Amino acid sequence: MLTKRIIPCLDVRNRKVTKGVKFQNNIDLGDPVEMAVGYSDGGCDELVFYDITASAEGRPIDIDMVREVAKAVHIPFAVGGGIKDLEDMRRVLLAGAEKVSVNSLAVKNPDIISQGAKQFGSQCIVLGMDPVKVEKSDKFPSGYEITIQGFRTRTGLDALEWAKRAEGLGAGEIVVNSVDADGTQTGFEINLTRMIAENVGIPVVASGGAGTYQHLIDVFTKGKADAAIVASMIHTGKFTIKQIKDKLIAANIPIRQKW
Amino acid sequence: MITIIDYKAGNLTSVQLAFESIGQKVKITDKPQDILCAEKIVFPGVGAAKAAMDSLKKLKLIEPIRKVIADGIPFLGICIGMQVLFETSEEDGGTECMSILPGTVKKFKTSDKLCKIPQIGWNAVKIVRPHPVFAGIEDQSEFYFVHSYYPACSDKNNIIGQTEYADAVFASAAGRKNLVAVQFHPEKSGRIGLRLLKNFSDWDEGC
């Protein structure tokens, strides 16, 4: 049986893993390569790295870091933040990443999804999206609007329509990161996750809000997610991947148990 | 020395880094003569079957691959590198493959809209026939898969491991004599995947 994936998210700033709440009040947590090895040895199923300041600082993604991670861990990992074009995608993938994640770039230039999928395969192209809850309307039938640039800019795009469009363009996977839940550790946005998961044919990764075992159980059972991102709850040392997995197994969720 | 065949079907970085991490020297090549004198061969690949076959033809690699397999050189196919060893694939409206292993490659089907295609993630491999590349690997260990098509072995004797997904129970590991092929990605399957690659590196054929 295909297992549900637990994916630690490492936000990287100046070669340090950092964590904030809704992209603010960040504190440094450690070295990205060391943390990747720790989580991989601890049983995580995949990793995702976001270079959170590359875009804002207008500099390319840290390829040396990608290469060092690829040498140190032999599980899939995705890299996002600061991808500007196909050439950036190529550099990240050739450095050893399994996937690249595009978010703001795809909103501004949706063709990057189809071009990337054609060049490197759909399985390499992850669409990251940051929806915020809005009043349901003709413009936003799903009740969620896509934001970009670290939640700072609203786009006028409906979240579900954008997810379907990205699938049609060739995205291989969608990371749904709830703006309202990000960093709060108060639970995933279950309705949003389930709505996207039930309406696209590609895997959906839930992100934002993980704080307890029950949140993860809920996002897989009620939210129908294929994978879930964890950050604060493990970065603080409060929970280990093993503890999380043991609880999910006890709740009869299919989880990779041997590593 | 591990010779990795580069036929422009995807990214070889993680295969190379995985072998290097277990202390193996790696040579990456698209030259027939390098394949013909290799000690051990890895045949990776992601992407579509037709593009892979077209590239193998263009690079004149099909006959050298047949020859080394027939000559008993340890040979490991991975993902598309497994699929093109079969007779045909349903992909791209039907693609003629290399017919080295009997069977065809089929697309997953399902009516369950929550069962996503491609299969992406970790799934268990049930070992149905002990094989040196699985030495020390527990039955039902999970490996990392990314694929929409799966091999249907018509000679059951070639099945080494099986995996369940969508409508299929398929051969996720297959082979005979010096040839072994896996649908999953051992290079991305953590410590257990590296163990499989180490076993392959140490494999002296004749299973």
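Looking at the range A:125-143, which of its residues are on the phi < 0 side of the Ramachandran plot and either over 18 Å from the mean Cα position of the chain (by Cα) or among the basic types (Lys, Arg) (or both)? Those that are on the phi < 0 side of the Ramachandran plot and either over 18 Å from the mean Cα position of the chain (by Cα) or among the basic types (Lys, Arg) (or both): A:Lys133, A:Val134, A:Glu135, A:Lys136, A:Ser137, A:Asp138, A:Lys139, A:Phe140, A:Pro141, A:Ser142. Tallying residues that are under 25 Å from B:Phe145 (Cα atoms) and in a helix (DSSP H, G or I) within the range B:38-68 yields 9.
Selection of the range B:93-116 for residues being over 17 Å from B:Ala152 (Cα atoms) and not small (Gly, Ala, Ser) yields B:Asp112, B:Lys113, B:Leu114, B:Cys115, B:Lys116. Within this structure, A:Ile146 fails the test of being closer than 28 Å to A:Gly20 by Cβ, within 13 Å of chain B (Cβ to nearest Cβ) and outside any loop (DSSP other than H, G, I, E, B).
The residues of the range B:109-151 that are in contact (Cβ under 8 Å) with a residue 60 or more places away in the chain and small (Gly, Ala, Ser), listed by number, are B:Ala135, B:Gly136.
As an exercise: evaluate A:Ser137 against (1) surrounded by fewer than 21 Cβ atoms within 10 Å (Cβ to Cβ); (2) away from chain B (no Cβ under 14 Å); (3) in contact (Cβ under 8 Å) with a residue 12 or more places away in the chain and give the number of the one condition it does not meet. Result: A:Ser137 passes all but (3).
Residue-by-condition table, conditions (1) within 22 Å of A:Pro60 (Cβ to Cβ); (2) within 19 Å of the chain's Cα centre (by Cα); (3) of a type in the set (A, V, I, L, M):
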| position | (1), (2), (3) |
| --- | --- |
| A:Ile112 | yes, yes, yes |
| A:Gln123 | no, yes, no |
| A:Glu167 | no, yes, no |
| A:Glu173 | no, yes, no |
| A:Ala197 | no, yes, yes |
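Please work out which residue is farthest from the other protein chains (Cβ to nearest Cβ), limiting yourself to the range A:89-112 and to residues that are farther than 16 Å from A:Pro131 by Cα and of a type in the set (Val, Ile, Thr). Checked the range A:89-112; the qualifying residue farthest from the other protein chains (Cβ to nearest Cβ) is A:Ile112. For first residues located in the range A:61-88 and within 11 Å of chain B (Cβ to nearest Cβ), partners that are in a helix (DSSP H, G or I) and surrounded by fewer than 16 Cβ atoms within 10 Å (Cβ to Cβ) and lie 6+ apart or on another chain with Cβ distances below 9 Å form the pairs A:Val69/A:Val37; A:Lys71/B:Glu20; A:Ala72/A:Glu34; A:Ala72/A:Val37; A:Val73/A:Val37; A:Val73/A:Asp41; A:His74/B:Arg191.
Among the criteria (1) outside any helix (DSSP H, G or I); (2) without any contact (Cβ under 8 Å) to a residue 40 or more places away in the chain, the one A:His215 does not fulfil is (1). Flag: B:Val125 matches the condition of being among the aliphatic types (A, V, I, L, M), in a strand (DSSP E or B), over 13 Å from the mean Cα position of the chain (by Cα) and more than 20 Å from A:Gly172 (Cα to Cα). Evaluation of A:Gly209 against the conditions (1) assigned to a loop (DSSP other than H, G, I, E, B); (2) within 13 Å of chain B (Cβ to nearest Cβ); (3) of a type outside the set (Lys, Arg) shows that the sole unmet condition is (2). Each residue in the range A:36-54 was checked for being at pLDDT 90 or above and under 17 Å from the mean Cα position of the chain (by Cα), and 11 pass.
Residues of the range B:176-198 that are within 11 Å of chain A (Cβ to nearest Cβ) and outside any helix (DSSP H, G or I): B:His185, B:Ser189.
Here B:Ala171, B:Ala166 are screened, and the one residue that is touching a Pro at 6+ places or on another chain (Cβ under 6 Å) and touching a residue at least 12 places away in the same chain (Cβ under 8 Å) is B:Ala171. Could we say that A:Pro203 is of a type outside the set (Val, Ile, Thr) and either free of Cβ contacts under 8 Å to residues at least 40 places away in the same chain or more than 14 Å from chain B (Cβ to nearest Cβ) (or both) here? So A:Pro203 passes the test. Of the residues making up the range B:125-144, those that are over 23 Å from B:Pro74 (Cα atoms) and either more than 13 Å from every other protein chain (Cβ to nearest Cβ) or buried (at least 22 other Cβ atoms within 10 Å of the Cβ) (or both) are B:Ser141, B:Glu142. So, in the range B:8-30, how many residues would count as being within 13 Å of another protein chain (Cβ to nearest Cβ), in a loop (DSSP other than H, G, I, E, B) and modelled with pLDDT of 95 or more? So the count comes out to 1. Inside the range A:40-60, residues that are under 12 Å from A:Asn14 (Cα atoms) and assigned to a strand (DSSP E or B) make up a count of 2. When B:Thr110 is tested against (1) in contact with a Ser or Thr (Cβ under 9 Å, 6 or more places away or on another chain); (2) farther than 19 Å from B:Val15 by Cα; (3) of a type in the set (Val, Ile, Thr), only condition (1) is not met.
The values are calculated or read from the model by the stated rules, or taken from the named source; none is laboratory data. Given the structure is predicted, the values throughout are model-derived calculations rather than measurements. Cβ: placed from backbone, ideal geometry, glycine included. Neighbour counts: every protein chain shown.
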